[in-house]
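For reference, the structure discussed in these notes is given below.
The values are calculated or read from the model by the stated rules, or taken from the named source; none is laboratory data. Fair warning: this is a prediction, and the values are worked out from it, not measured in the lab. All Cβ positions, even for glycine, are placed from backbone atoms using ideal geometry, and neighbour counts span all protein chains on display. Keep in mind that these areas ignore ligands, DNA and RNA; they rest on the heavy atoms of the full protein, side chains included. Shrake-Rupley method; radii C 1.70, N 1.55, O 1.52, S 1.80 Å.
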Amino acid sequence: MNRFVELIPRQCAKYGDREALRFRDYETQVWASITWQDFAQQIDRAAGALLMGGVEPQGRICLFTQNCPEILITHFAAFYNRAIPVPIYATSSRDEAAYIVNDAGATILLAGDQGHYDIARQIIGDCPTLKFIVTLNPAVKRDSDDKSTLTWQEFLSTGDKLGKEVLDELEKRKQASAPDDIMYLIYTSGTTGVPKGVMLMHRNMNAAMDAHIERFKDIINDKTDVSLSFLPFSHIFELGWTMVCLCTGIRVAINYNPKEIQRAVKEVQPNYMCSVPRFWEKVYTAVNDNLHGAKPVVRMLVKRAISVGKTRNMKYARLGKKAPAIIEKQYQYFEKKVFKKLRGAIGVTDGKLFPTAGAMLSDNITEFLHAVGINICIGYGLSETNASVSFFKPCEWTLGTIGMPIPGIQVKIGDKNEILVKGPTVMKGYYNKPQETAEAIDADGWFHTGDCGEIAPTGELILTERLKDLFKTSNGKYIAPQVLETMLGQDKFIEQVAVIGDGRKYVSALIVPDFEELKAYAEKKHIQANRVEDLVNNPDIRKMIEERINDYQKGLASYEQIKRFVLLPKAFTMESGELTNTLKIKRAVINKRYRPLIDAMYAADFHKKKDK
C-alpha cells in the first residue's frame, strides 16, 4: 500500500479533531476549518464517488479550479482508487483545458467557478473520454439543458452507502497501490510549445518527502505551525510543499483568490508560505517607499536596524555561528522596536520559512529580507524533478546560489553549462510522448533541465540562465536576459520586462511599467497625462526610467547593457498568450507580436521619433 494511501488515516488517528485545513467559506468568505476527521471522512466519500463514477485504476481525473479543499480531497480519493489527478491551471484557456483533458484521456472534470464550468461545457463535446463534470462552487449556475454535471455535494452523495462489493473493490485498489503507480500528471506551462504531461510516480513523491523532511526537521513544529497556500495546487512547487505539510501535521490554509493574497497573509499570519520572487520584490518596494516617506529620525533608526540585522543574520546566523554579545543585544532591541512591527505589517510576524522559487530573486532583496527576520529559502526545481532539485540549507547557505542539492539528488554540469539532474525524484517521462522523453532523459538517466548553471566550491548550485533563453548579439556576445529582467524587476516603476537582442547589434527591452506608480510620479511632477498612452510616451517619464535603468546597469559590461527600450501601455498577460500560467514570458510570442516595435527600436532615428 502506498504512503499517500495510508497517510490520512494515520494522521487522523494521531490528530483527530484538530484542524487540518483552513479555507474561506464560498458564501460567507469567513475562514472555516476542516479537522483531520472531517478530511478523512470526505476523502472516503469522494473515493467511493470516483469508483461509482467509473474511474479505473490509473484512470485520470482533471481538476480545473482555483485552490480549494476539494482539490486535496479529490487527490487522496484518487490515490485510494489508484487513479491519477491531473491539475489544470485555473487561468488556462479553453484550448489549453481541452488539450489536457484529451491528452490525459480524463473521464471526469472538476470545475471550480462559473468561468471554469462554462469552459467545461464548451469542451465536453470535443473530449470523447469525458463522462461528466463536477462543479465545486455552489454559486455556479448550470445550463438548462445540462444533463452531464453534478454539484460537489451531489457527487459526494454517490459515494455514500456503498455496497459490500464496491467497498471490497475499493479496499482491493488501496492494497494494490504501488510505488511505481503514476501519482500525478503535471502539465508543463508550455513556454516553447504544447504542454507536456509530466509523469510523477508515487516513488518520486516519497523520495521528495523524505529529503524535505530530513532537511527541515529542526524547523517544523506540528503543534502550532500553519502554511498558507498562495501558489496554485496545479504548480508542483505548491503541491509538493503542501504534501510536506500534510505529512508533518502542519495546518494548511488555502487561499482561493490570488488577488486577495495580501489580505490572506495578514489574516492567517503564516509560519510558512511558498511564493515566487515577484511577491517579495513588491514587499521590498513597499517597505522602501514607506521608509522614504517617513520622518528622518525613523529612517535613521530603520537603516541602523537593517545594518545590524545584516551583520547578525548574514555574517553569523547564516553560518550557524553565535553573534558577539554587543551585536546580539542591538539586534534584540531592533527586533522588538522595528523588525517585528515590519513583519507584522506584511503579515509574517512569526514566520519560520518561506520557500521561494520559479525565477531569480536579487541578492540584495534576499539579504534585506533575512536582515529583518524573514527566512527566505531560495530553491530550484522543475515539474520533471518533482519540484526541488536544490534549496538553502537551514544554515551554511551562500548568497547568490540556489542552495545545496537535496539528499539523494545528483547534479552535474553538461554541455553548454546545462544543469543535469539524476535521482529518485526525477519523472518517469512525458505522457504519450516517448520522443520528448528520450530527448529529456539520456541513456544514463540524466535529466536535461534546459537551465544553465555552475556548481560553487561549497557544492551549492548557481543558476545563470534558461538555456533556450540565452541569445547572441550580432557581435557574438552571449546575453542572459533573465539576469537583466530580474535586476530591473526590483524597481518600483517597472512591473514586467522582456529583454530583446537575439541577432541584433545591442540589447533592448520592452518594459511594462507599474502604471499606478507612474500616475503618482506624473502627479507629483505636474505632468499632464489623461491616458496610459500619454504616460508611457512622455519624454520626461522616459528620461526618468532611462536614468533608473542606467543606475542598475553600472556594473555591467557595455555589451550587456540595455541601450534602448519601449514603455508599453498594457501588461503581458496569460489571456493574450504572452505569459505562461506560471507567469513566465513566452519570448517567441512576444518577439513575433511586437516585431514592428522591436524593429523600430533598432532604427537610427528611434530616439528622435520617441522624443518629439
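Before moving on, here are some points about what is shown:
- Considering (1) surrounded by fewer than 18 Cβ atoms within 10 Å (Cβ to Cβ); (2) part of a strand (DSSP E or B); (3) of a type outside the set (A, V, I, L, M, F, W, C), the lone condition that Ser390 does not fulfil carries the number (1).
- Members of region 49-66 that are surrounded by 23 or more Cβ atoms within 10 Å (Cβ to Cβ) and either small (Gly, Ala, Ser) or closer than 18 Å to Met199 by Cα (or both): Ala49, Arg60, Ile61, Cys62, Leu63
- Within region 420-444, the residues that satisfy the criterion of being over 20 Å from Ala211 (Cα atoms) and not acidic (Asp, Glu) are Gly429, Tyr430, Tyr431, Asn432, Lys433, Pro434, Gln435, Thr437, Ala438, Ala440, Ile441, Ala443.
- Selection status of Ala305, small (Gly, Ala, Ser), in a helix (DSSP H, G or I) and open to solvent by less than 20 Å² (accessible area, probe 1.4 Å): yes
- Here Ile378 clears all of (1) open to solvent by 40 Å² or more (accessible area, probe 1.4 Å); (2) modelled with pLDDT of 95 or more except the condition numbered (1).
- Selection count where residues are open to solvent by 40 Å² or more (accessible area, probe 1.4 Å) and either modelled with pLDDT of 95 or more or within 24 Å of the chain's Cα centre (by Cα) (or both), scope region 416-430: 3
- Taking the conditions (1) farther than 21 Å from Phe392 by Cα; (2) open to solvent by less than 20 Å² (accessible area, probe 1.4 Å); (3) aromatic (Phe, Trp, Tyr) in turn, Tyr333 satisfies each one other than (2).
- Qualifying residues in region 199-215 (those that are open to solvent by 10 Å² or more (accessible area, probe 1.4 Å) and among the hydrophobic types (A, V, I, L, M, F, W, C)) - the one farthest from Cys245 (Cα to Cα): Met199
- Some residue of region 272-293 being open to solvent by 40 Å² or more (accessible area, probe 1.4 Å), modelled with pLDDT under 95, assigned to a helix (DSSP H, G or I) and more than 27 Å from Glu485 (Cβ to Cβ): no
- Test set (1) touching a helix residue (DSSP H, G or I) at 6+ places or on another chain (Cβ under 8 Å); (2) open to solvent by less than 20 Å² (accessible area, probe 1.4 Å); (3) in contact (Cβ under 8 Å) with a residue 60 or more places away in the chain - Ala139 fails condition number: (2)
- Inspection of region 381-391 identifies at least one residue that is touching a strand residue (DSSP E or B) at 6+ places or on another chain (Cβ under 8 Å) and more than 23 Å from Ile182 (Cα to Cα).
- Subset of region 350-375 [closer than 18 Å to Ala286 by Cα, at pLDDT below 95 and open to solvent by 30 Å² or more (accessible area, probe 1.4 Å)]: Asp363, Asn364
- Filter result (free of Cβ contacts under 8 Å to residues at least 40 places away in the same chain, of a type outside the set (D, E, K, R) and more than 28 Å from Asp210 (Cβ to Cβ)) within region 236-263: Ile261
- Restricting attention to region 399-409, the residues that are assigned to a loop (DSSP other than H, G, I, E, B) and crowded, with 18+ Cβ neighbours inside 10 Å add up to 5.
- Checking each residue of region 54-61 against the condition of being assigned to a strand (DSSP E or B) and not aromatic (Phe, Trp, Tyr) gives at least one match.
- Selected residue (only one of Lys337, Lys341, Lys321 is without any contact (Cβ under 8 Å) to a residue 24 or more places away in the chain and either under 30 Å from Glu238 (Cα atoms) or in a helix (DSSP H, G or I) (or both)): Lys341
- Members of region 67-97 that are open to solvent by 10 Å² or more (accessible area, probe 1.4 Å) and either touching an Asp or Glu at 6+ places or on another chain (Cβ under 7 Å) or within 20 Å of Leu167 (Cβ to Cβ) (or both): Arg82
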